[in-house]
Amino acid sequence: MLKNNNTINWAIRVLISFLFLLSAVAKMFPLWAFEKQLVDLGITTWCQSHYIARLLLGVELAIGLAILLPHYLKKIIIPSTILLLVMFCIHLTIEMVKHGAMNGNCGCFGQLIPMTPLEAFLKNVVTIGLLVFLWFRVSDKEKGQNRMIYPVASFLGASLLVFMLFPFTPCSKESSTLTSSSATSISANTAYSEMVDSISSKTSLAIDSSAKKDSVMGDKKTIALKDTSLKTLKQATTKTVQNAAAPVAKMARASTGSRFGAFTNFGGKAVNLEQGNKILCMFAAGCDHCQATAKELAIMAKQPGFPEIYILFMDEEIEKIPEFFKIAEATIPYIVLDIPRFWDVIGTGSTPGVFYLQNGKIIKSYQGIDKEKFNGPELKTIIGK
């Protein structure tokens, strides 16, 4: 009988361990999707999400390991795990009230196993029941033999592993979502002002110097000639300021009519996304759906008159960009955006994102891998190819 009890206990412990380890690993691929979910839920900001996501994965991995160890199993590990699951259930209840019990993916197993909030809630309730059942059937090691170092080391080791496997560049400041158009406008206005001030300063010095020479000479005729020269100098200076500032002023007037108008340089190629027909894609280099979409678009682009294609890559797994183009069998001009900026531009959508633009206006958009996923034949019909 005792042997059977131990078998049941270990079966439950292995099952719970597997669930937590699977949950952690599933969220890692891709990790940015988990980070985005934390931001969308209002739990954290983009700059903080890199840290919080990795720490949460560390907690899940640590629970998966600690539940198999005998140290403080009944006193700390099981009660803490139950408390964590209760908090998740409260969160899921709030989400179900707000958005519906069967709406969307709760993210419990990342993108690997989509689960609705209701399915996740039921899964957590069952897991809590198993943990309560287990709590009555197990006991901690004898007094003095428990070692806190084991659960603590599990968490620290798991967290360190996640941070090492998924390095990231910390945000320099929270306001990293400043739009490129605004930054361009600020830079252009500053440059224009500095240029005018510099030229005007030099002009004033020249005028003052000439005026002093005139006063010393005291010849009225010479003064008249100098006045004429100074007037000509002023006119020439004004024209010089206008000509020199024209490119800067043009930069300052960069169109902000659409959310894509600020992106004007793709791989050294000057591009105006607000003129003519263009296709703008928002991809993650390691996303297999993005790779497949890029390959399909590359084939379509071989047709005469097909709109030019440009890509905004998320700053995640950018080392895979060469492999991305190898799979797509094409090289497409692109820009890499930091993750907060990327999601600021794409808005409420998801990857792969494909936008068909006419003079900057979005005629058709495709996002994600569900109902709004990319449809090549439909896009060809809309374009008229």
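None of the figures in this text is laboratory data; all of them are computed from the coordinates on show. Just so it is clear, the structure is predicted and the values come from calculations on it, not from any experiment. Counting neighbours? That spans all protein chains shown, and the Cβs are built from the backbone with ideal geometry, glycine included.
What is the local net charge at LYS75, summed over the other residues whose Cβ is closer than 15 Å to its Cβ (Lys, Arg +1; Asp, Glu -1)?
Details: positive: LYS74, ARG137, LYS141, LYS143, ARG147; negative: ASP140, GLU142.
Surrounding charge for LYS75 is +3.
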For a quick check: sort THR7, THR293, THR44 by the number of other beta carbons within 10 angstrom, fewest at the front.
THR7, THR44, THR293
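List the pairs from LYS74/LYS141; LYS269/LYS373; LYS320/LYS373; LYS278/LYS302 whose alpha-carbon separation is above 18 Å, in the order I gave them. Mind dumping the intermediate values first?
On the way: LYS74/LYS141 9 Å; LYS269/LYS373 29 Å; LYS320/LYS373 23 Å; LYS278/LYS302 15 Å.
From the list (LYS74/LYS141; LYS269/LYS373; LYS320/LYS373; LYS278/LYS302), the Cα-Cα distance tops 18 Å for LYS269/LYS373; LYS320/LYS373.
Provide the gained length on full extension for the span GLN275 to ILE363, in nm with one decimal, where the gain is 0.36 nm per separating residue minus the Cα-Cα distance.
Stretched fully, the GLN275-ILE363 segment lengthens by 30.3 nm.
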Exceeding 25 Å between C-alpha atoms, which entries from my cross-link table qualify? They are LYS36/LYS326; LYS295/LYS380; LYS98/LYS361.
LYS36/LYS326; LYS98/LYS361
When TRP135, TRP10 are ordered from fewest to most other Cβ atoms inside 10 Å of their Cβ, what list results?
TRP10, TRP135
Separation of alpha-carbon centers, the stretch 283-335 and the stretch 1-49, rounded to whole Å:
33 Å
